[in-house]
Amino acid sequence: MNVTALIVTFNRLDKLKETLMATRRLPFQHIVIVNNASNDGTKEWLETIDDSRISLLHKNNNNGGAGGFRFGSEYISKSFHTDWVIFYDDDAYPCEDFLTRFENISPNKNEIYCALVRNTNGEVCKMNLPWKSKTSSVIDNIKYLRDSQTYIANPRASSEVISFSFVGAVIPAKILSETYSFIKEELFIYYDDVYYSSYLNLIGHKINFRIELEFIHDVIASTNWDNQEWKIYYLSRNLLLSKSLYHNVEYFSLSAKVFRIIKYALVGLTCKNKKRYYNYLIKGIFHGIKKVSGNNH
């Protein structure tokens, strides 16, 4: 089985070292690392590594996870013969027998797979759980607020889903080569994986959530936006951009957008710097309506 790892990094050298150490232990045929113009010594450190499997792609600008995965996907599609490509960030890595587990499920090369993601404490990362159905109506969104399990994949059972996270997505190289242009770098961060994966599902590609496939994501669950208020700009803006980027295809219904924007507005009440948070939120909504994309925070 010929499998390629695709890792995108930006200014997280300490975590990248752990990620790459775990990655190199596995029998990947190729390891592609997209360095999004890091300035913390990442480039210099990467160039000291002696491993013929590693391809380093140093970019001159940072266009986010979306741009990094788009760039790496194009490079892989044009440079290697491989069967599968596994996506992940610089703060995530596959479990030590991931490729053996993947081979043991006898994957269909015409289907997409996504992993169960846990943090370093073994807890399920809810942010990386795929959707199994969408909220379309006001009633759906109320149900989602009361019990999200109706719409989010059950971490205790494998199932077919309609989206995936870029942490632990395993995509057949053939499908990736035909669709990587739908990874939209204009999004920078947030919803890039949701929109791309749901679009793949929409055009007929089956997505399988398999709990045997495990990834570790070195993150801490938190709803605290302090010192990272700028991120709400992309979360609110990109919520409104799918129609303009995906041939008039809307992922979120109008009611879902309204519910999420209300949620974002309420979250801001807990921030220390409320003025900065709400400035970014309002700017994101305004730019989403005006179809402004790219790195603009």
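The values are calculated or read from the model by the stated rules, or taken from the named source; none is laboratory data. On a predicted model such as this, the values are computed, not experimentally measured, just so you know. Don't worry about glycine lacking a Cβ; one is built from the backbone with ideal geometry, like all the others, and counts go over all protein chains shown. Only protein heavy atoms, including side chains, enter the accessible area calculation; ligands, DNA and RNA are left aside. Shrake-Rupley method; radii C 1.70, N 1.55, O 1.52, S 1.80 Å.
Observations
- Annotation for H297 and K43: the two label points, set 7 Å from Cα along the Cα-Cβ direction, are 2.3 nm apart.
- Entry note: region 23-139 has Rg to Rh equal to 0.99, where both radii use alpha-carbon atoms and Rh is the Kirkwood radius.
- Rel. contact order, % - alpha carbon contacts under 8 angstrom, at least six apart, the chain: 20
- Percent accessible area from carbon and sulfur atoms, region 143-297, protein chains only, probe 1.4 Å: 55
- Of the GluC sites (Glu not before Pro) in region 21-89, the ones in a loop by DSSP (not H, G, I, E or B) with at most 12 other beta carbons within 10 Å are E47.
- 14 Å Cα-Cα reach of K257 towards aspartates and glutamates, excluding residues that sit fewer than 8 places from it in its own chain: D140
- q = 0.09 Å⁻¹: log10 I(q)/I(0) that the Debye formula gives for the chain, counting C-alpha atoms only: -0.42
- Inter-label distance, nm, simple model (7 Å from Cα along the C-beta direction), N227/N2: 4.6
- Assuming charge only on the beta carbon of Lys and Arg (+1) and of Asp and Glu (-1), the dipole of region 138-203 about its Cα centre is about 240 debye to the nearest 20.
- Between R146 and K109, full extension at 0.36 nm per residue minus the direct alpha carbon distance yields a gain of 9.6 nm.
- Solvent-accessible surface of the chain, averaged per residue with a 1.4 angstrom probe and all protein chains in place: 47 square angstrom.
- Cross-link pairs beyond the 23 Å C-alpha cut-off, checked among K231/K275; K15/K132; K174/K206: K15/K132
- For the pair region 171-218 / region 2-23, the C-alpha centres are spaced 18 Å from each other.
- Only the Cβ atoms of Lys and Arg (+1) and of Asp and Glu (-1) were treated as charged; on that basis the dipole of region 143-297 about its Cα centre amounts to roughly 760 debye.
- Computed 3J(HN,Hα) for region 170-182, one whole-Hz value per residue from the Karplus formula 6.51 cos²θ - 1.76 cosθ + 1.60 where θ = phi - 60°, is 10, 10, x, 4, 5, 5, 4, 5, 8, 10, 4, 5, 8, glycine and proline marked x.
- Rounded to the nearest 20, the size of the Cβ-charge dipole of the chain about its Cα centre is 1320 debye, with Lys and Arg at +1 and Asp and Glu at -1.
- Positive-end residue, the chain charge dipole about Cα centroid, Cβ charges, pick of V32, F10, G204: G204
- Ranked by the mean number of other Cβ atoms within 10 Å of their residues, highest first, the peptides 188-198, 99-109 come out as 188-198, 99-109.
- For region 99-122 versus region 237-296, the spacing of their alpha-carbon centroids is 32 Å.
- Residues S181 and V138, FRET efficiency given R0 of 30 Å [Cβ-Cβ distance, rounded to 0.05]: 0.30
- Taking the 1.4 Å solvent-accessible surface of region 1-65 as the whole, the part contributed by carbon and sulfur is 44%.
- Helix content alone sets the calculated 222 nm mean residue ellipticity of the chain: runs of n ≥ 4 DSSP H residues at -39500 (n - 2.57) each, divided across all residues, give -11000 deg cm²/dmol.
- Coordinate range of the alpha-carbon atoms in region 114-180 per principal axis, descending: 39, 33, 17 Å.
- Extreme residue, positive dipole direction of region 183-297, given options N224, I282, N248 (C-beta unit charges): I282
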